[in-house]
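Just so you know, all these numbers are worked out from the coordinates, no wet-lab data involved. Predicted model only: the values in this text are computed from it and were never measured. Positions of Cβ are generated from backbone atoms using ideal geometry, with glycine treated the same way; all protein chains shown enter the neighbour counts.
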Amino acid sequence: MSRLLGIDFGSVRIGIAISDELGLLAHPLETIPAKQDVLRTIAQIVNERRIETVVVGVPRKMSGEIGKAAIEATQFAEKLRGILPCKVDVWDERLTTVAANRALREAGRKTRETRGYVDRVAAQMILQGYLDRENAKAESSPDNVPN
């Protein structure tokens, strides 16, 4: 299986995570400043690492409604679809940044120290959720039932 890339889109920073080659585990990769040429940077990562699928987190509201941040993330995914040679998917990422901050706090990291890291941990959580769902679907597939 090829690798997957997870993206936590933000107006200040964009967190990037990558899967292992088996598509089982997501790992934080890097944080890209939003002012940088983000599309070109992501395209370069996709090409260098032979990414099969890019997963962009879309932060819906708790009610399920789509707010400003979700619209921006969806528009970003559309831009990626226009330039990347691979599949671009979106994933409901409610509260991943909150969970990432909590996990880093519980690991003893101070909020000020984790600003640049929290986005890639959120991207890791987005990608891990996506991988878990894809792997569960594959396990329950009729093609995967022993004879």
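Of the listed peptides 12-18, 66-72, what is their order by residue-averaged count of other C-beta atoms within 10 Å, with the highest listed first?
Per-residue Cβ counts within 10 Å, averaged per peptide and sorted highest first, yield 12-18, 66-72.
Between SER140 and GLU72, 0.36 nm times their residue separation minus their Cα-Cα distance comes to what?
Extra length available between SER140 and GLU72 comes to 21.1 nm.
Between LEU39 and GLU106, what's the calculated FRET efficiency when r is the beta-carbon distance and R0 is 30 Å? Round to 0.05.
0.30
Based on the Kirkwood radius over alpha-carbon pairs, what is the Stokes-Einstein translational diffusion coefficient of the range 1-76 at 25 °C with 0.890 mPa s viscosity, in µm²/s?
It diffuses with D of about 188 µm²/s by this estimate.
Sorting LEU5, LEU39 on the 10 Å Cβ count, fewest up front, what's the list?
Exposure proxy ranking, most exposed first: LEU39, LEU5.
Using 1/(1 + (r/R0)^6) with R0 = 41 angstrom and r between the beta carbons of LEU24 and ARG60, what's the FRET efficiency to the nearest 0.05?
With R0 = 41 Å, the Cβ-Cβ based efficiency is 0.95.
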